[in-house]
Each structure stands twice: as C-alpha cells, then as structure tokens.
Amino acid sequence: MPRGLTIGATRYPTKEAVRDVCRSIVQRYGIGGDVTAPDDDAFLRGLLERHPEYELKRGDGIAHFRVISHTDHGRRSVGIALVRLDGEVADFSWNACLTPLSHRTQVLTALRHAIADQVAASRNAVLNSGQPLVCSVTGASIPSATELHIDHAAPTFLDLAEEFIAANGGVDALRILPDSGAGISYIELEDKALEGRWQDHHQERAVLRPVLKRVNLSDLRRGNGNGTLAP
C-alpha cells in the first residue's frame, strides 16, 4: 500500500488537499505577511521537510515563514518563503515538497524523528530549570517559551547523521519502515536496533542548547562554528 501523505501529525487524502492549505495560508496572511499562528508554522515546517533540497533550503535554521510575491519573465506569482535565522529569505515550491522523497531525505527525516524526544527533553529541562531563559549564542534574554528553540551546537545534526550513516554502510543500507497506509504514520527506520544505536550516538555526541528563535547567526559564524536548529 502506498505511503499516505502525512504532513506533521496530519494525514491528507490528496496532494491537492495540501495545496489547498498552502493557498489558504497565502490568502489569510497576504503578501508580505509573516506566518504567526503555531498550527500554520508547524504545517509549513513539516511540509518543508519533504523538500528534496531541505537541508540547503533551511540553511542554518528557520525563524518563520512569510507570504511573498515575485515576477518571473513578466508573470507575477505569489508563494511562501522561509525566513532564516540570519534574516535571509528563501522561497520554496510547495509542489516540490509533494514529489516523492529521495531515499536520503527519508533516512534523514527518520533520524530526525528518532531523536525528537531528546530535543523535547532538552527543551523541557531548560523550561523547568527555574533559571532565566538565556540564549546560548547571544546571551540575550529569551522572553517566552514560544521564542525558545533548541539548537545543535557543533557538531550539527547533519554532521552527526552523516557520521552515523557512513559508519553503518551508507545511506542505501538504511531501510525505511514500510507504511501501513492507515492512521498517522511517520517515516521511521525499519531496523529498530539500528534506530536505538542512532539514538545512543546522538545522546552521546549531540550538544543541545537554548537559543532565541530569531537569533542572529552572524554570532554563530564568529564563534565556534555553524549551529543548526534541532527538529
């Protein structure tokens, strides 16, 4: 049975249903409008993860999304762009996000999903520490939980993932669990023992830290390396 089209925690019956959500976001926010509703933001983050050039598009991390317009050969079009943490704006095609995912992209998505609990635990630990919320990069106060993101300091998530993939036979050796076609599904590794080893590898090697959602990545570039937002 073919894999259902799942964005975030929601299964959509058709690609057109996903396109309708995108069009609705465009209409509600209007050209130049920043996407602010948490549900809309979560949907677009989940959608962008399906992009064949996801790592390239997200760069050093996503601050938020924005409705944009541009003109190509005299034809004006309206779409959605991501605003990176350094303020750079990068558009993306939602249709490209609906094409079949490459095996490499599926593996990286599965690895991200597998360590989501570690990221959530790190975030909860920060929130429950009783200490003021402070950005590890800038030293600035984080005003609220909604402005708190958990970031991979060096080594980045991609560094850790590529390291693990190479040590386990390369990307083609990591198989994806077949989808049941029912309910909500996530892209996961088929080999649960291997998934457990990845979780252990990440737990041992990852350095997670609190950062402002809109942290200026020029500070990261001047510091100890390139941080990337954890999933």
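Only one residue in ARG104, ARG112, ARG66 is of a type in the set (D, E, K, R), in contact with a Gly (Cβ under 9 Å, 6 or more places away or on another chain) and touching a residue at least 12 places away in the same chain (Cβ under 8 Å). Which one?
Working: ARG104 fails: in contact with a Gly (Cβ under 9 Å, 6 or more places away or on another chain); ARG112 fails: in contact with a Gly (Cβ under 9 Å, 6 or more places away or on another chain).
Step by step, each of ARG104, ARG112, ARG66 is checked, and only ARG66 is of a type in the set (D, E, K, R), in contact with a Gly (Cβ under 9 Å, 6 or more places away or on another chain) and touching a residue at least 12 places away in the same chain (Cβ under 8 Å).
Considering region 28-64, the residues that are within 23 Å of ALA17 (Cβ to Cβ), surrounded by 14 or more Cβ atoms within 10 Å (Cβ to Cβ) and aliphatic (A, V, I, L, M) include one that is nearest to the chain's Cα centre (by Cα), namely LEU48.
Of all the listed residues (ALA206, ALA230), the sole one being open to solvent by less than 50 Å² (accessible area, probe 1.4 Å), modelled with pLDDT of 90 or more and within 29 Å of GLY87 (Cα to Cα) is ALA206.
When the strands (runs of 3 or more DSSP E) confined to region 1-103 are screened for residues that are under 26 Å from VAL171 (Cα atoms), those reaching at least 1 such residues are found at 5-7, 62-72, 89-92.
Taken over region 102-139, the residue count meeting the criterion of being closer than 30 Å to LEU5 by Cα, open to solvent by 20 Å² or more (accessible area, probe 1.4 Å), touching a helix residue (DSSP H, G or I) at 6+ places or on another chain (Cβ under 7 Å) and not polar (S, T, N, Q) is 2. Only one entry in ILE176, ILE142, ILE165 is open to solvent by less than 60 Å² (accessible area, probe 1.4 Å), among the β-branched types (Val, Ile, Thr) and modelled with pLDDT of 95 or more, namely ILE165.
The values are calculated or read from the model by the stated rules, or taken from the named source; none is laboratory data. Computed from a predicted structure; not experimentally measured. Neighbour counts are summed over all protein chains in view; Cβ atoms, including those assigned to glycine, are modelled from backbone coordinates with ideal geometry. Just so you know, the surface numbers come from the protein's heavy atoms only, side chains and all, with ligands and any DNA or RNA stripped out. Shrake-Rupley method; radii C 1.70, N 1.55, O 1.52, S 1.80 Å.
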